[in-house]
1. Look at L132 and say whether it is surrounded by 12 or more Cβ atoms within 10 Å (Cβ to Cβ) and touching a residue at least 60 places away in the same chain (Cβ under 8 Å).
2. Which strands (runs of 3 or more DSSP E) does segment 98-150 wholly contain that include 1 or more residues that are modelled with pLDDT of 85 or more and under 27 Å from the mean Cα position of the chain (by Cα)?
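The values are calculated or read from the model by the stated rules, or taken from the named source; none is laboratory data. In this text, all values refer to a predicted model and were calculated from it rather than measured experimentally. Here the Cβ positions follow ideal geometry from the backbone for every residue, glycine too, while neighbour counts run over all protein chains shown.
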Amino acid sequence: MANTTNQGWSKPTVGGSEDTWGATINTTLDAIDTLVGPVTAAEIAKLDGLTSSTAELNFVTNVTSAIQTQIDAKAPIASPTFTGTATIPVAAITTATITTANVTTIDLGDWTVTEAAGVLKFATGGVNKMKLDASGNLTVVGDVTGYGTI
């Protein structure tokens, strides 16, 4: 008996597999059925008329990476280097003194920014709305608008 090239399934030998060809073919058909699995007509119909290229199909896989590249190019994040005391003018107050000492939470009125384990979390009204991790991954609650105006 010879085998198929790709899967190595047994093929009956023409004129030489008397009394065994039926079992050989049945075993091979069972293997093909297992390999193909339960393909439905609806799944095949989805591909009917498909004109997408491989690059277009791969776009879905690469979209997250492409978005991150655009974010990195538009808004590079610089490491803060200031430590110590600074005097900053405030509208209703003449000056305010802020001393930094490894601050992990910044209160900005309705908003707070908290850092823990290399993750920045942005919250409003006590509810986290966005986080930025040390790898540059940005997670938001709600919709994200790119190239909008404010």
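1. no
2. Ranges flagged: 111-116, 119-124, 127-132, 138-140.
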